[in-house]
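For reference, the structure discussed in these notes is given below.
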Amino acid sequence: MKIVAILAFGLLVTLANAQGNYKKVCYFANWPYYRPGAGQYGVDKLDPFECTHMIYGFAVLDKITYEMVVYDSYVDIDLGGYQKFTGLKTRNPNLKTLIALGGWNDSAFSTQYSELVSDPAKMANFVSKALAFVRQYNFDGLDFDWEYPGDPDIHGSWENTVDHHAPLYRRDYEIGKEAVIVSEAVDYWLAQGMPAQKLIFGVPSYGRTFRLANSSQTGLLSPAIGAGPQGPYTGQDGFLSLYEICNYQKSGWNVVTDPTGKMGPYAYQGITPLSNAITATLEGRPFNTNTPAPTPTPFPMTTTKAMTCTSEGSYYADPANCSKYYRCVNGKVVTYYCQSGLVFNSAINICDWPYNVPGCA
């Protein structure tokens, strides 16, 4: 049976507070520096006028001192990542630059953040040291990105059907049913008293990919048999950056747009070549490069041996891919990937430098 991959992608939007002042907050992740070829980029490719606020990810929380520390000293300090990033304000004085603490890898399944916020003495020390950190590196603020309870996407390849990973509004087939909808989450926060000017609405611009069980069923809720294969730059099953999506579209993917506007478009591998202009966040945005992008290759038709959960919360390294690992969550096997340049260290259950993991250097 032919297997076809399907993907969904979102748009970056600007948001207004109650007074009508817009904020366009953009994340810049430092790990694309390690991506191969034309997929590599750094601070020098950022447009300081594209956003009102830019956030640099990530710093991390020290497990012993509970203080904020530099995560990748080579990119952030030695190559001047922090300095170049905050230096964008010389070109746009109205730009605000922030440093993000945490993120998925550091905070989603670790205990140090809970330990920090539950101890007033630790919190007092953290606040003092974090303020010094922000001032030392000339940032304007701190994004405390504690990803708890750790469910970043509404739908994904861990499910057995295809669906958009961030539907904005309730679709017809969800009316009267239990569902997680982005707009309803925003409405809930507002109803609980959250000031509108304090609420920033995040929208993904990356793609979640699936393998279809039947190539003739390409729509939403079609049966899926796992994650789509890796893109040429990001190297993660079930994930594509925006510029990988654009390349695949040009090589013959069909794009489907929701006429009701309740969700972003999705695409599937087909015959008719289509392309679509997309606005994106900085981690996956298209950018000009003097290095020509390689011709996208068709997704390989491979299968992965099924895994079963034996212990809730346990981690398992992938035997064939050092950057890939699994965790048992609510009785299901969930797949995770380390950011580019790191591999999973099963001895301490974190993403680590390759030289610390035998066989992965």
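The combined condition, being modelled with pLDDT under 85 and either among the basic types (Lys, Arg) or closer than 26 Å to Val333 by Cβ (or both), is fulfilled by Tyr268.
Taking (1) polar (S, T, N, Q); (2) touching a residue at least 24 places away in the same chain (Cβ under 8 Å); (3) within 11 Å of Leu61 (Cα to Cα) in turn, Ser157 satisfies each apart from (3).
Output the residues belonging to region 53-79 that are touching a residue at least 12 places away in the same chain (Cβ under 8 Å) and more than 19 Å from Asp145 (Cα to Cα). Correct list: Val75, Leu79. Report yes if some residue within region 281-298 is touching a Gly at 6+ places or on another chain (Cβ under 6 Å), crowded, with 17+ Cβ neighbours inside 10 Å and modelled with pLDDT under 85; otherwise report no. No, that holds for no residue. Applying a threshold of 6 Å to beta carbon distances and a minimum spacing of six or more residues, or different chains, the list of pairs starting in region 332-351 at a residue that is free of Cβ contacts under 8 Å to residues at least 24 places away in the same chain and ending at one that is buried (at least 18 other Cβ atoms within 10 Å of the Cβ) and outside any strand (DSSP E or B) reads Val343/Cys322; Val343/Ser323; Val343/Val357; Asn345/Val357.
State which residue is modelled with the lowest pLDDT when the search covers only region 1-33 and only residues that are among the aromatic types (Phe, Trp, Tyr) and crowded, with 16+ Cβ neighbours inside 10 Å. That would be Phe9.
Checking each residue in region 171-194 for being crowded, with 18+ Cβ neighbours inside 10 Å and in a loop (DSSP other than H, G, I, E, B) picks out Arg171, Ile181. Residues to consider are Ser222, Ser241; find the one that is buried (at least 22 other Cβ atoms within 10 Å of the Cβ), in contact with a strand residue (DSSP E or B) (Cβ under 9 Å, 6 or more places away or on another chain) and at pLDDT 85 or above. None of the others qualify; the one that does is Ser241.
The number of residues in region 223-242 being farther than 11 Å from Val162 by Cα and not in a loop (DSSP other than H, G, I, E, B) comes to 3. Residues in region 196-208 include at least one that is surrounded by 18 or more Cβ atoms within 10 Å (Cβ to Cβ), more than 17 Å from Tyr336 (Cα to Cα), touching a residue at least 40 places away in the same chain (Cβ under 8 Å) and not basic (Lys, Arg). On the basis of being in contact (Cβ under 8 Å) with a residue 12 or more places away in the chain, closer than 18 Å to Asp62 by Cβ and either of a type in the set (Ser, Thr, Tyr) or surrounded by fewer than 13 Cβ atoms within 10 Å (Cβ to Cβ) (or both), does Tyr148 make the cut? Answer is no for this residue. Would you pick out the residues in region 125-145 that are surrounded by fewer than 13 Cβ atoms within 10 Å (Cβ to Cβ) and not small (Gly, Ala, Ser)? Result: Val127, Leu131, Arg135, Gln136. Of the helices (runs of 4 or more DSSP H) lying entirely inside region 57-155, those containing at least 1 residues that are over 24 Å from Thr335 (Cβ atoms) span 81-86, 112-117, 120-136. Taking region 64-87 as the range and being at pLDDT 95 or above, closer than 19 Å to Lys45 by Cβ and either buried (at least 19 other Cβ atoms within 10 Å of the Cβ) or within 22 Å of the chain's Cα centre (by Cα) (or both) as the test, the residues that pass are Asp76, Gly81, Tyr82, Phe85, Thr86.
The values are calculated or read from the model by the stated rules, or taken from the named source; none is laboratory data. Please read all numbers here as calculations on a predicted model, not as lab measurements. With ideal geometry, Cβ positions are generated from the backbone for all residues, glycine too; neighbour counts draw on all protein chains shown.
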